[in-house]
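Trainee: Below you'll find the structure I mean.
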Amino acid sequence: MRCQRVFTAALALGLVMLPAVTARARGEDAPRGPVGPAFGGRALQALVDGIQFGVIIAITAVGLSLVFGTIHLINFAHGEFVTVGATFAFFLNASPAGPGWHLIPAAVAAVALGALLGAAVDRGVWRPLRARGTGLINLFIVTIGLSLLLRHIVLVLYGTRPGSYAQYDIQSAIGLGPVGITPRDLTVTVLAVLVLLGVAVLLQRTRTGTAVRAVSANRDLAEASGIDVRRVVLFVWMLGGGLAALGGVFFGLVETVTWDMGFKLLLMMFAGIILGGLGSAYGAMAGSLVIGVVAQMSTLWFPVDLQYAWALLVLIVVLLVRPQGILGRAERVG
Amino acid sequence: MRANKRERNTPVLAAEGIVAGYLPGVDVLRGCSIEVGPGELVGVIGPNGAGKSTLAKAVFGLLRVRAGTVRLNGEDVTGRPAHELVRRGVGYVPQLQNVFASLTVEENLRMGVYLRPRDYARRAAAVEELFPVLAARRRQKAGSMSGGERQMLAMARALMTEPQLLLLDEPSAGLSPLHQDHVFDRVREINGAGVAVLMVEQNARRCLQICHRGYVLDQGRNAYTGRGTDLLHDEKVIACYLGTLARAR
Ligand SMILES: Nc1ncnc2c1ncn2[C@@H]1O[C@H](COP(=O)(O)OP(=O)(O)OP(=O)(O)O)[C@@H](O)[C@H]1O
Ligand SMILES: [Mg+2]
């Protein structure tokens, strides 16, 4: 059993290494290969890009993880919270039909809409169906339907054209040694890290945050301690929706706004959450960061189109070694 | 004067004809009644699966009551959610998973007094006096504590709100005889301070020894009711529920 596990891990690792080795063998034919004077610089650049991608995934994934932690629902529509946030900000900010707000107030409004959407799903879908005794698997399927519905509403309203926000569109990179980063991307990364720190402080130091962790740990006991569990769950939905919308704006800023951006990001969120350890908010952050870095670093050797696939491969490899995820704990027996 | 007298006679908890269960159409409790007077220590014993834990959950609002009424100080609270009962002065310690394992001891106590965060310091000092072992372990994760320490923490958490009624579901389960004595001593101490206690126990003899009154529950119904020491010497109760070894004492 153990042998098999090590073997599979080795096989997967081999798969990862193989193209690198062949690229090295090709030598000068492959100027973008891992050898050559500029490789260190490019690797550093990919690392920086990866961290940026990772913290954005993390912002969107934390809500998904908290919802799963408190009510054990896998919310397949979480990616659409991201899309709705990004496209709503686009409408307010850059659409010819919109009011043409500056991006900052538009982003704030998008976060508010995301929180509202989270609350609507709680009140309109989760709570009534749960009260009727709908099972978690059935509810998971319901969220798949909700995801389709929301995605296509966005498609009708927004269209298929990729969009960019009106401000901070084109910027030249500032050089930091071998690494170049635009002030926009740097700001987004720093803001994203600050938001993640804020979420950690909220969960760790505030009464409401502790209540969220208490509900995740033991719902009945939380109720027995006088915590209004339904209100805590509503709070988690709103927090998750708001964070997803913010992540959507960030992702739209550094990449582009599209009607299916959240759906594409959803896979990365799942990977990050599972990698970090299901149900732990900090695990979701750590896992997302790893996924982002792996996805970007893989472009050093492989086509950009495959970067998501590499992220998922790393997920499989890590789970083979640590089935409970990076920060997850093995279930205590007894 | 009269109002005062009525207050004295109104039971803190009066559950009447409780019918409740988990699966649709299957009643675990089939018309169960129970009463706890002010300052009383009441024990509930019965065989495994009799519905003792179910009764505690139904009374506390964690399980929907299908028929019957639950009154708190004469006021009907049937079907009210648990967090509301906490606000009305009821504390509950479940049989299993009675602490927040991933939270620290301090956070567990803070959650105990969630509705009145300002009282934390005062109440924490009070329960730490009752359970000194907790004071030294504030930063320890509850999940890493021993079974006995957890039981202490679970009781401390429930006492944080200064309840007037405490529901304890098998507080001595899984503890060594010495720790069991310790727990029962604490329960008596808590009760001595004026808190009404309803204690479900597997350790029937010990429970009936310290209880003012006891109920024997069987298959979701009351089988016997009486003074703790009377039940302890009742031939039928001994034969059916305490085991014949009990007679030796
Ligand atoms: N969550 C549940 N879902 C379905 N049935 C349950 C559930 N919990 C308890 N039961 C059933 O209800 C009955 C009474 O259980 P309960 O836990 O109240 O017994 P108990 O008297 O506390 O027993 P013990 O002394 O073993 O703790 C049992 O037959 C049990 O199988
Ligand atoms: Mg029980």
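Trainee: Among the residues of segment B:127-138 satisfying the criterion of being free of Cβ contacts under 8 Å to residues at least 12 places away in the same chain and in a helix (DSSP H, G or I), which is nearest to B:Thr161 (Cα to Cα)?
Mentor: B:Glu129
Trainee: Can you pull out every residue in segment A:260-279 that is surrounded by fewer than 24 Cβ atoms within 10 Å (Cβ to Cβ) and farther than 15 Å from A:Tyr308 by Cβ?
Mentor: Passing the criteria: A:Gly277, A:Leu278, A:Gly279.
Trainee: Select from segment A:253-292 the residues that are under 14 Å from A:Gly50 (Cα atoms) and in contact with an Asp or Glu (Cβ under 9 Å, 6 or more places away or on another chain) and list them in ascending order.
Mentor: A:Val254, A:Gly292
Trainee: Looking at segment A:114-156, which of its residues are of a type in the set (Ser, Thr, Tyr) and free of Cβ contacts under 8 Å to residues at least 12 places away in the same chain?
Mentor: A:Thr134
Trainee: I would also like to ask the following. Among the candidates B:Gly68, B:Gly43, B:Gly25, which residue alone is touching a Cys at 6+ places or on another chain (Cβ under 6 Å) and either at pLDDT below 95 or under 21 Å from B:Val200 (Cα atoms) (or both)?
Mentor: That would be B:Gly43, the only listed residue that is touching a Cys at 6+ places or on another chain (Cβ under 6 Å) and either at pLDDT below 95 or under 21 Å from B:Val200 (Cα atoms) (or both).
Trainee: Which residue out of A:Gly279, A:Gly241, A:Gly272, A:Gly247 is in contact (Cβ under 8 Å) with a residue 60 or more places away in the chain, within 14 Å of chain B (Cβ to nearest Cβ) and not basic (Lys, Arg)?
Mentor: That would be A:Gly279, the only listed residue that is in contact (Cβ under 8 Å) with a residue 60 or more places away in the chain, within 14 Å of chain B (Cβ to nearest Cβ) and not basic (Lys, Arg).
Trainee: With the structure loaded, tell me whether B:Glu84 is more than 11 Å from chain A (Cβ to nearest Cβ) and either away from ligand 1 (no atom under 15 Å from the Cβ) or among the polar types (S, T, N, Q) (or both) or whether it fails that test.
Mentor: So B:Glu84 fails the test.
Trainee: What number of residues within segment B:157-177 are surrounded by 18 or more Cβ atoms within 10 Å (Cβ to Cβ) and either within 12 Å of chain A (Cβ to nearest Cβ) or assigned to a strand (DSSP E or B) (or both)?
Mentor: Of the residues in segment B:157-177, 11 are surrounded by 18 or more Cβ atoms within 10 Å (Cβ to Cβ) and either within 12 Å of chain A (Cβ to nearest Cβ) or assigned to a strand (DSSP E or B) (or both).
Trainee: Would you tally the residues in segment B:94-112 being within 8 Å of chain A (Cβ to nearest Cβ), in contact with an Asp or Glu (Cβ under 9 Å, 6 or more places away or on another chain) and surrounded by 22 or more Cβ atoms within 10 Å (Cβ to Cβ)?
Mentor: Number satisfying all stated conditions: 3.
Trainee: Now for a different question. Residues that are away from ligand 1 (no atom under 14 Å from the Cβ) and modelled with pLDDT under 95: does segment B:54-62 have at least one?
Mentor: yes
Trainee: Can you find a residue that is under 30 Å from B:His179 (Cβ atoms) and in a loop (DSSP other than H, G, I, E, B) anywhere in segment B:103-110?
Mentor: yes
Trainee: What residue, of B:Glu189, B:Glu201, B:Glu235, is within 16 Å of ligand 2 (Cβ to nearest atom) and either surrounded by fewer than 17 Cβ atoms within 10 Å (Cβ to Cβ) or within 24 Å of B:Leu159 (Cα to Cα) (or both)?
Mentor: B:Glu201
Trainee: If you don't mind, another one. Mind checking which residues of segment B:36-54 are closer than 21 Å to B:Arg227 by Cβ, of a type outside the set (Gly, Ala, Ser) and within 9 Å of ligand 2 (Cβ to nearest atom)?
Mentor: Answer for segment B:36-54, where residues must be closer than 21 Å to B:Arg227 by Cβ, of a type outside the set (Gly, Ala, Ser) and within 9 Å of ligand 2 (Cβ to nearest atom): just B:Lys52.
Trainee: Here's a follow-up. Please go through (1) of a type in the set (S, T, N, Q); (2) within 16 Å of ligand 1 (Cβ to nearest atom); (3) within 14 Å of another protein chain (Cβ to nearest Cβ) for B:Asn48 and return the number of the only condition it doesn't satisfy.
Mentor: The failed condition is (3).
The values are calculated or read from the model by the stated rules, or taken from the named source; none is laboratory data. This structure is a prediction, so every number in the text was calculated from the model and none was measured. Cβ sites come from the backbone with ideal geometry, for glycine too, and all protein chains shown count toward neighbours.
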